[in-house]
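Accompanying notes for the structure given below.
Just so you know, all these numbers are worked out from the coordinates, no wet-lab data involved. Just so it is clear, the structure is predicted and the values come from calculations on it, not from any experiment. Here the Cβ positions follow ideal geometry from the backbone for every residue, glycine too, while neighbour counts run over all protein chains shown.
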Ligand SMILES: Nc1ncnc2c1ncn2[C@@H]1O[C@H](COP(=O)(O)OP(=O)(O)O)[C@@H](O)[C@H]1O
Ligand SMILES: [Mg+2]
């Protein structure tokens, strides 16, 4: 095995241009994901999770660009590659699953064709081999009676089954990295748990490195190896999952966790983060969470929050909660 992590993102900065001005959307985000490991990227809507994923996937929308930073996949600096080379590499190495499986599926094609389309292109499979591969993938993601369902269309599947099909599409070329951006948000609670269980099984069985994006910390408490909490385009806390869940140190992380009744402490409830995250065009100076923070002091509003802790649990805050000492 190589010593390189499958995914290494270093000081990623994504900027947007609007009305002749360039402004940051994602700033100084760094993380690594090893084979078989799951990193949970968490934060409220609008904090830059999807655009971080889009940068990793080479799918930033028009008007946004990677201004600086490095992205390495299996040690290879992908930003140094020609666009066509990166596209080819990414097609094979990185699979992606999104919130709405219907957006990833073509309503007018039977599912077996969609599941193996990319693999056919990549590996030149003939029709029988392709059907066989589609069956194998659909069975792997737990579609019941898959052999009878190869010729069905997306509308004939439930939401949860469609998401399983979308995961099969993502796995078709045997990627080593899977980016899952809110893949369960549109589903009911039981189906959410099933899809999360499936992703967890796949990463263990296949050694996938998974970037799992969610606004719901409670969803990932059981499966995450690392947690990265973003607020307003910046990392506020980054930690080994067991340390994080034993005692998150950033007031924002605590407030997010307040959504989990078991872990909520009387002094920090979700009500402590009333209000909305700021607009990227209008970020406050100092700590961007300061206007909503229950522990705010004057300095928070004027100085950038300093890093506190080490790589096992790092927090960017003037007044973090004490470490739990595990
Ligand atoms: N195409 C775009 N152009 C300019 N700003 C955008 C674009 N897409 C998203 N944004 C802004 O970037 C910020 C982060 O968005 P996003 O990564 O989608 O957040 P999240 O996935 O955490 O909800 C938001 O404030 C959003 O309004
Ligand atoms: Mg998003």
* **Rounded if a/c under 1.5, otherwise prolate or oblate - segment 138-215, Cα gyration tensor axes** => oblate
* **Centre separation in Å (Cα based) which lies between segment 235-256 and segment 77-152** => 36 Å
* To do: Quote the FRET efficiency, to the nearest 0.05, computed for residue 188 versus residue 312 with a Förster distance R0 of 30 Å and r equal to the Cβ-Cβ distance.
  => 0.25
* To do: Enter the angle in degrees (range 0 to 90, nearest 10) between the Cα long axis of helix 111-123 and the first principal axis of the Cα atoms of the chain, meaning the one along which they spread out most.
  => 90 degrees
* Interatomic Cα distance distribution for segment 137-266, bins of 5 angstrom, percent -> 2, 9, 19, 20, 17, 14, 9, 6, 4, 1, 0
* Asked: Could you give the radius of gyration (one decimal) and Dmax (whole number) of the Cα atoms in the chain, in Å?
  -> 20.5, 68
* Please provide three numbers in whole Å: the alpha-carbon extents of segment 60-201 along the principal axes, with the largest listed first. => 47, 39, 29
* Acute angle (nearest 10 degrees) that the helix 189-206 long axis makes with the longest principal axis of the chain, alpha-carbon atoms -> 80 degrees
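How large is the helix-only mean residue ellipticity at 222 nm for the chain, computed as the sum of -39500 (n - 2.57) over DSSP H runs with n ≥ 4, divided by its residue count, in deg cm²/dmol to the nearest 500?
Working: 12 runs with 108 residues, N = 326.
Calculated mean residue ellipticity at 222 nm is -9500 deg cm²/dmol.
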* Structure fact -> Quick calc: nm separation of the 7 Å Cα→Cβ label points for residue 109 and residue 201 -> 2.6 nm
* To do: Would you mind checking the tilt of helix 127-140 against the longest principal axis of the Cα atoms of the chain, expressed as 0 to 90 degrees and rounded to 10?
  => 40 degrees
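Report the full-extension gain for the segment residue 283 to residue 297: residue separation times 0.36 nm, less the Cα-Cα distance, to one decimal in nm.
On the way: separation 14, 0.36 × 14 = 5.04 nm, distance 1.79 nm.
Once the chain is fully extended between residue 283 and residue 297, it gains 3.3 nm.
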